[in-house]
Amino acid sequence: MTARTLRDGRVVAVLLVVALAVVVLLNQFAPTRSAYSATVTNPTNSAATAPYFTCAAAARADAAGALFAYDLDEASGSRTAADSSGKGNAGTYQGTMTATANPGACARDGGPAYTLNGSNSFVSTPRSYANPTTFSEEVWFRTTVAGGLLIGFGSNQVATSGQHDRQIYLNTSGQLVFGTYNNTTQVITSPKAVTDGAWHHVVSTMSPTNGMRLYLDGTLVASNTAFRTPENATGYFRIGYDTISGWPGAPANYWFTGSMRYAAVYSTELSATQVANHHAAGR
């Protein structure tokens with residue numbers, strides 16, 4: 001009886017219709033895939049290794065040790081460089097302040113970059129600091145001009161300093177130089193030039209324990225543990241200009257020409273991991 005019924009074409013047709021209905025219902029409740037399909041390329045596995053994805057987040061993580069942190073993303077014509085470290089040490093834009101599009105450095109942060117004209121643009125801190133012996137200096141920059149001060153420590157807030165020390169500058173070959181003074185100039189220099197027009201990240205550190213270190217794009221490129229003591233002086237930090245007269249490879253023009261983002265000085269020695277994290281946040 002059962003066999004004869006299953007051979008009936010009409011019964012088979014009914015069974016096929018029921019099966020099709022079940023398939024349709026299952027598809028209605030199954031997860032949708034095609035509407036959200038995407039391809040993600042991440043050859044360096046940065047999502048798994050980078051703790052920060054913006055320069056602002058990286059800087060905030062180490063803000064406790066900062067003397068100041070300037071994002072340098074204000075609009076053209078601004079006079080105040082806001083201090084994002086929370087220390088209340090806002091800087092002053094001196095001379096011409098121009099903001100331009102920022103397609104490369106810390107692109108995920110948004111905002112413009114500070115463009116220095118090489119003749120009267122720089123930033124100075126609002127207060128002086130007495131003889132910092134352990135410190136780190138940091139800035140993102142890009143330039144095609146060999147020469148000019150990136151960050152330095154000088155005895156004068158706005159005019160040419162009589163005492164000038166703790167300086168990162170570009171020499172006439174386009175290399176980065178980190179210099180301190182203690183009866184004589186003490187410098188360490190990056191092996192390669194950085195005047196390629198690309199964004200670069202530089203950090204210098206100094207401490208009585210480890211001496212002088214210079215990092216470029218997250219990597220230690222020069223160091224000297226014998227140089228541990230800078231000049232005993234009180235001064236202001238200057239970004240973009242001060243004299244570098246008498247320093248090895250100093251150019252005739254001390255003004256930096258190019259763009260900057262995220263300049264900061266810390267009262268601590270940033271570790272190699274911290275420096276690498278700050279650089280990775282902007283890539």
How long is the gain from Ala198 to Ser245 if the chain were fully straight, where each residue apart is worth 0.36 nm and the alpha carbon distance is subtracted?
-> 14.2 nm
Simple spin-label estimate for Thr133/Thr234, 7 Å along Cα→Cβ, in nm, reads 1.8
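With an 8 Å cut-off on Cα pairs and a minimum separation of 6 or more residues, tell me the relative contact order of the range 151-233 in percent. Before the final figure, lay out each step's value.
Working: 161 pairs, mean separation 18.1, N = 83.
Computed value for the range 151-233: 22 percent relative contact order.
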Per the 1/(1 + (r/R0)^6) rule, R0 = 22 Å and r from the Cβ atoms of Ala159 and Ala90, FRET efficiency to 0.05 is 0.60
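No lab work stands behind these numbers, since they all come straight from the coordinates. Note that the coordinates shown come from a computational prediction; the quantities given were computed from them, not determined experimentally. Cβ coordinates were reconstructed from backbone atoms using ideal geometry, including for glycine residues, and neighbour counts include every protein chain displayed.
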